[in-house]
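Any read-out appearing in this document is the output of simple, stated calculations on the displayed coordinates, not a laboratory observation. These figures come from a predicted structure and were not determined experimentally. Please note: Cβ atoms are built from the backbone with ideal geometry, for glycine as well, and neighbour counts cover all protein chains shown.
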Amino acid sequence: MTAQLIDGNALAKSMREGAIARGEKLRAQGVQPHLAIVLVGEDPASQVYVKHKVADSEQTGLRATLERYPADMSEAELLLRIHALNVDNGIHGILVQLPLPSHMDSQKVIEAISPAKDVDGFHVSSAGALMVGRPGFWPCTPHGCLKMLDSIGYDLRGKHAVVIGRSNIVGKPMAMMLLGRDATVTICHSRTADLKALTLQADVVVAAVGKRNVLTADMVKPGAVVIDVGMNRNDEGKLCGDVDFDGVKQVAGWITPVPGGVGPMTRAMLLVNTLEAAERATR
Ligand code: GUN
């Protein structure tokens, strides 16, 4: 058996097209959706990520403003800056790129963002809203994964979904979204006693650990859907996920590639959240 690919590039492209149309509608109402991106320090990966976020926004007709600050900026100064963005009616979304320099308390900084502008969905209020099924922003990566499942018409009701990884950004919110769709959800992590015994029972596996070959062919039930959130480098320096793609694709029914899978969806969902924030601001 060879799994069918879930093409993140194609799906993200159609999401961006939808975003362009929503942006045009807002502009016709006199609202220019505007995302503020705050980058503190010189982390090379962060610089690449924010460059992509600005480019994606601009290509979609959203305005993006990148604010860059030196690594020695104080936490108090950053909190003041976030407050100014919170009260600026022309700004609809605020994203503080992580990681922050080690002298800052990242969670405290995230909590300073107004939940109405928390397009990353990292605020406790956003996490709580997801947990209790109230409106709020959902973190972009797991939301993108859910859209990928929707794109193949997958009905999660009563299915067993295994999430590998328990981060606040991916694993935990992913589990909540799957639960919200009536899946039976198991969250696995580094202390899970027998990962293979659990993944072999899974109809859906989401691998979000950040380590190569966490999921291999012998761990997958034939026909299962495998979503790979990982972004790693192999020995040749090539981008790869958490899943042994070549092995697992022989067993799975559906699989997401890396690159070209979850990554582009994460980027697209940020645009969707920013538009949502701008639309809510007009209501
Ligand atoms: N650093 C790596 N990924 C992300 C993300 O999705 N949002 C923010 N704010 N920082 C990140």
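Please enumerate the residues belonging to the range 237-283 that are small (G, A, S) and either within 16 Å of the ligand (Cβ to nearest atom) or part of a helix (DSSP H, G or I) (or both).
G241, G247, G261, G263, A268, A277, A278, A281
Name the single residue that is farthest from the ligand (Cβ to nearest atom) among those in the range 91-136 being part of a loop (DSSP other than H, G, I, E, B) and among the hydrophobic types (A, V, I, L, M, F, W, C).
Top of the filtered list is I91.
For the subset of the range 24-43 comprising residues that are of a type outside the set (A, V, I, L, M) and within 28 Å of Y69 (Cβ to Cβ), which member is surrounded by the most Cβ atoms within 10 Å (Cβ to Cβ)?
Out of the qualifying residues, it is P33.
Residue by residue through the range 59-81, note down the ones that are in contact with a strand residue (DSSP E or B) (Cβ under 9 Å, 6 or more places away or on another chain), among the hydrophobic types (A, V, I, L, M, F, W, C) and more than 14 Å from A36 (Cβ to Cβ).
If the condition is that a residue be in contact with a strand residue (DSSP E or B) (Cβ under 9 Å, 6 or more places away or on another chain), among the hydrophobic types (A, V, I, L, M, F, W, C) and more than 14 Å from A36 (Cβ to Cβ), then A71, M73 are the ones that fit.
Output the number of the condition that V162 fails; it satisfies all remaining conditions of (1) among the β-branched types (V, I, T); (2) surrounded by fewer than 24 Cβ atoms within 10 Å (Cβ to Cβ); (3) in contact with a helix residue (DSSP H, G or I) (Cβ under 7 Å, 6 or more places away or on another chain).
So the condition that V162 fails would be (2).
Report, by residue number, each residue of the range 208-236 that is of a type outside the set (A, V, I, L, M) and either farther than 22 Å from R191 by Cβ or in a strand (DSSP E or B) (or both).
Matches in the range 208-236: K221, P222, G223, D228, N232, R233, N234, D235, E236.
Tell me yes or no: at least one residue of the range 211-227 is surrounded by fewer than 22 Cβ atoms within 10 Å (Cβ to Cβ), within 24 Å of N9 (Cα to Cα) and within 16 Å of the ligand (Cβ to nearest atom).
Looking through the range 211-227, none of the residues is surrounded by fewer than 22 Cβ atoms within 10 Å (Cβ to Cβ), within 24 Å of N9 (Cα to Cα) and within 16 Å of the ligand (Cβ to nearest atom).
In contact with a helix residue (DSSP H, G or I) (Cβ under 7 Å, 6 or more places away or on another chain), in contact (Cβ under 8 Å) with a residue 40 or more places away in the chain, of a type outside the set (S, T, Y) and within 16 Å of the ligand (Cβ to nearest atom): which single residue out of K172, K147 fits that description?
K147 is the lone residue from the list that is in contact with a helix residue (DSSP H, G or I) (Cβ under 7 Å, 6 or more places away or on another chain), in contact (Cβ under 8 Å) with a residue 40 or more places away in the chain, of a type outside the set (S, T, Y) and within 16 Å of the ligand (Cβ to nearest atom).
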